[in-house]
Amino acid sequence: MKDTLYLAWRYVAYHRVKSAILIASITLIVFLPVGLNVLVTQSAEQLTSRAEATPLLLGAKGSPLELALNSLYFDAELTARTTHAEATRIDDSGLARAIPLYVRFRARDLPIVGTTLDYFDFRGLRVAEGRQIAILGECVLGAQAAKLLGTGPGGNVVSSPESVFDLAGVYPLKMNVVGVLERSFSPDDRAVFVDLKTAWVIEGLGHGHQDLTQPQAAGAVLGREGNTIQANASLVQYNEITAENRDSFHFHGSLDDFPITAVMAVPHDQKSGVILLGRYQGDEERTQIVRPEVVIRELLDTVFTVQSFVVAGILLVSAATLATAVLVLLLSLRLRRREIETLVKIGGSRGRVAFLVLSEAVIVVVVGGALAAGLTLLTHRFGSAAIRALLLS
Amino acid sequence: MRMLRSPLLVLLAGLAAACGSEDSERQAADTAAGPTRPLSVYAVNHPLAAMAERIGGADVEVTFPAPPGEDPAYWSPLPEAVVAYQGADLILLNGAGYAKWVAQSSLPASRLVDTGAGYADRLIPLEETVTHSHGPEGEHAHGGAAFTTWLDPTLALEQARAIAAAFERARPERAATFRERLTLLEEELLALDGRLDGVAEALGDAPLIFSHPVYQYLERRYGLNGRSVHWEPDEEPIGREWRKLERLLPEHAARWMIWESEPLTSVEARLEEMGIRSVVFDPCASVPPEGDFLTVMSRNVERFEAAGSPRDEGR
């Protein structure tokens, strides 16, 4: 038996090209559906882990999916916005801690995330280099964002105009980079974080300009009437917040009326969470509150449906490939008829010859299967990290 | 298009999602270390720091980092000082827009304690507000409310209660102790209120001039008949300011001018010549050379009591 197996192995080794093609086919037949399944399962776990770590999301009524994607992954653009009053409302309810988010603006193609310091505590984000944002006009960068922007503490980041055709729009704000966060392997790595108030300055809701009561601004004064001063368009407005002009920055109106895209609500306990959910169920509510976990699971159900079609397709292709491999083996038997006859003539029994041919096939299948198993293990171990690196590069 | 993109985007984004948050670990560590160490409390002015110290005692470590002599209302801290505030367990705000730097800084919302939230509807709007307009936004004002709220002891009392409530939330196991200390502070503040009532009774409706527009709450609480000018104790007023005062006196025949601190001798002498006595009532926004907010307030009352009443003084 050992000699038969040796002969089979030598045959496979000698016809290395044919054997390699057959082994590769077997490997792919096994690996493709299994590996895809592993990848999708891992993705789903990671996706839901960020959603599960975010108890409740509140935003303007509209698509719950867009709200979750915008708030968790800073991806989909949210056209419907709510106001900061909703964050105050949640805080005042005593049921949850409110973390407002304003994800609207970009620096190049990276999202500028306006939030409060509570976000960093909640996500466990720590500063690796420099310090945390302290004053208006400062920003901290995710690890990958720092690489992509090629800057770090002491550098600057400029917000991108929303539309190049909006000539009368808000000037880009030059922000001071004061820190870079530790890598978190999450969408936070690609974000530029600013204080919520800085995001409002980017929008133009807060701004700094010359003091109209001072002589230096006399040229910009159109008229005075009592305590009212009207300025003309020559009034110098600042597009960078510095120590010198910081005091001139101010906001018009109540901060509670200012826009945000979402509020992350972190209930103090489970009961508080349920009560909070109930409070936003009325038809008259202009806001929606969602559990990101549920929204993402619904989305994953759709993804899994698509996946099952893909797997079915792969299985069909695999079956066809398998049939082709069997055909190749059968055809090779016909080509090897003289070789087989020689083996019989020199004393090999029919059973022994059949065992030899079968051993060759088994070797190909076993090696192919082992390679597929190895690839699956590698996918399990490094697959998500590799794609993550690809995504964040 | 969006519908087609979304599952793929989410799938890819999911691959980039965090493997887990350290938040729970940090919270657990904080909880474990928390009760064994004093609560770190930062305040935006001295009265709040003083009240926090009285209520918190050894259970809190109160910091008010503004340099002595600097007016905390207009102090502009360096980013490093703001970062120090960020590290506190609780940050005591005065409310009424006090300490402008707060609005321009990033402070953790969950650790802010607005001690003035309870009387937000009783704030006094500033009169000298400049309204201006530029661009399509229309008119807007940079005004606000008077912010020296603690000069009304009843408002200070509400601030003290807000501080005690915040301490109780942070250290529920020490709630009884905080309440006991709050009761003592309440007694002191009410006693101060009673003494100021006595001073106000002696003053009656006698006209007063305040050297700075910071006494609005004192004026309202005790029904004082005051008008404010804008003089600094350590500066000689310019001629225009003297003329403004001379024009004011016929309609508001004040015999006392209330100062935040001792005025220049030359200014005091010239006022004396005009029949106006200088009396110091220190608002005590920043750390006093000795004592604390309550002892300074007590000295303020003593100075008023010693000065008698402007009604007794002839012109």
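The values are calculated or read from the model by the stated rules, or taken from the named source; none is laboratory data. On a predicted model such as this, the values are computed, not experimentally measured, just so you know. FYI the Cβ positions are ideal-geometry reconstructions off the backbone, even for glycines, and counts take in every protein chain you see. For accessibility, only protein heavy atoms count, side chains too; no ligands or nucleic acids. Shrake-Rupley method; radii C 1.70, N 1.55, O 1.52, S 1.80 Å.
Structure notes:
- Candidates A:112, A:133, filtered to the one that is at the interface with another protein chain (Cβ under 8 Å from one of its Cβ atoms) and at pLDDT 95 or above: A:133
- Cβ-Cβ distances below 6 Å connect the following pairs, each with a first residue in the stretch B:173-186 that is open to solvent by 60 Å² or more (accessible area, probe 1.4 Å), a second residue that is assigned to a helix (DSSP H, G or I), and a separation of six or more residues or different chains: B:174/B:59.
- Residue match in the stretch A:79-94 (condition: in contact with a Gly (Cβ under 7 Å, 6 or more places away or on another chain), assigned by TED's automatic domain parsing to the domain that holds residue A:200 and either farther than 19 Å from residue A:200 by Cα or not acidic (Asp, Glu) (or both)): yes
- Per-region count, the stretch B:63-90, residues assigned to a loop (DSSP other than H, G, I, E, B) and either more than 9 Å from chain A (Cβ to nearest Cβ) or open to solvent by 20 Å² or more (accessible area, probe 1.4 Å) (or both): 17
- Scanning the stretch B:40-62 for residues that are among the polar types (S, T, N, Q) and more than 15 Å from the chain's Cα centre (by Cα) yields one hit, B:40.
- Being surrounded by 22 or more Cβ atoms within 10 Å (Cβ to Cβ) and out of contact with any strand residue (DSSP E or B) (no Cβ under 7 Å at 6 or more places or on another chain) holds for only one residue in A:22, A:57, and it is A:22.
- Taking the criterion of being touching a residue at least 24 places away in the same chain (Cβ under 8 Å), aliphatic (A, V, I, L, M) and open to solvent by 60 Å² or more (accessible area, probe 1.4 Å), the residues of the stretch A:368-384 that qualify are A:371, A:375.
- Of the criteria (1) at pLDDT below 85; (2) within 53 Å of the chain's Cα centre (by Cα), which one residue A:370 fails: (1)
- Single unsatisfied condition, residue A:147 versus (1) part of a loop (DSSP other than H, G, I, E, B); (2) surrounded by fewer than 18 Cβ atoms within 10 Å (Cβ to Cβ): (1)
- Candidate set from the stretch A:225-241 (those that are out of contact with any Lys or Arg (no Cβ under 7 Å at 6 or more places or on another chain), assigned to a loop (DSSP other than H, G, I, E, B) and at pLDDT 65 or above); member that is farthest from residue A:199 (Cα to Cα): A:235
- Any helices (runs of 4 or more DSSP H) falling wholly within the stretch A:1-89 and containing at least 3 residues that are away from chain B (no Cβ under 13 Å) and free of Cβ contacts under 8 Å to residues at least 60 places away in the same chain: A:2-14, A:16-52
- Boolean, residue B:203 is in contact with a helix residue (DSSP H, G or I) (Cβ under 6 Å, 6 or more places away or on another chain) and open to solvent by less than 40 Å² (accessible area, probe 1.4 Å): no
- Answer residue from the stretch B:101-129, given it is within 22 Å of residue A:100 (Cα to Cα) and of a type in the set (D, E, K, R) and is nearest to the other protein chains (Cβ to nearest Cβ) among those: B:111
- Number of the exception - residue B:268 against (1) buried (at least 16 other Cβ atoms within 10 Å of the Cβ); (2) among the acidic types (Asp, Glu); (3) under 21 Å from residue B:150 (Cβ atoms): (3)
- Looking across the stretch A:250-273, the residues that are more than 14 Å from every other protein chain (Cβ to nearest Cβ) and within 28 Å of the chain's Cα centre (by Cα) come down to A:259, A:261, A:262, A:270, A:273.
- Taken over the stretch A:321-338, the criterion of being farther than 24 Å from residue A:30 by Cβ and loosely packed, with under 12 Cβ neighbours inside 10 Å is satisfied by A:334, A:335, A:337, A:338.
- From the list B:272, B:305, B:268, B:236, the lone residue that is in a helix (DSSP H, G or I) and either closer than 25 Å to residue B:194 by Cβ or touching a residue at least 12 places away in the same chain (Cβ under 8 Å) (or both) is B:305.
- Restricted to helices (runs of 4 or more DSSP H) entirely inside the stretch A:242-361, those with at least 3 residues that are more than 30 Å from residue B:97 (Cα to Cα) and outside the structural domain of residue A:116 (by TED's automatic domain parsing) are A:292-335, A:337-345.
- Of all residues making up the stretch B:245-261, the number that are out of contact with any Asp or Glu (no Cβ under 8 Å at 6 or more places or on another chain) and part of a loop (DSSP other than H, G, I, E, B): 6
- Among (1) assigned to a helix (DSSP H, G or I); (2) closer than 21 Å to residue B:48 by Cα - the single one residue B:213 does not satisfy: (1)
- Scoring residue A:138 on the criteria (1) open to solvent by 20 Å² or more (accessible area, probe 1.4 Å); (2) acidic (Asp, Glu); (3) in contact (Cβ under 8 Å) with a residue 24 or more places away in the chain leaves a single failure, condition (1).
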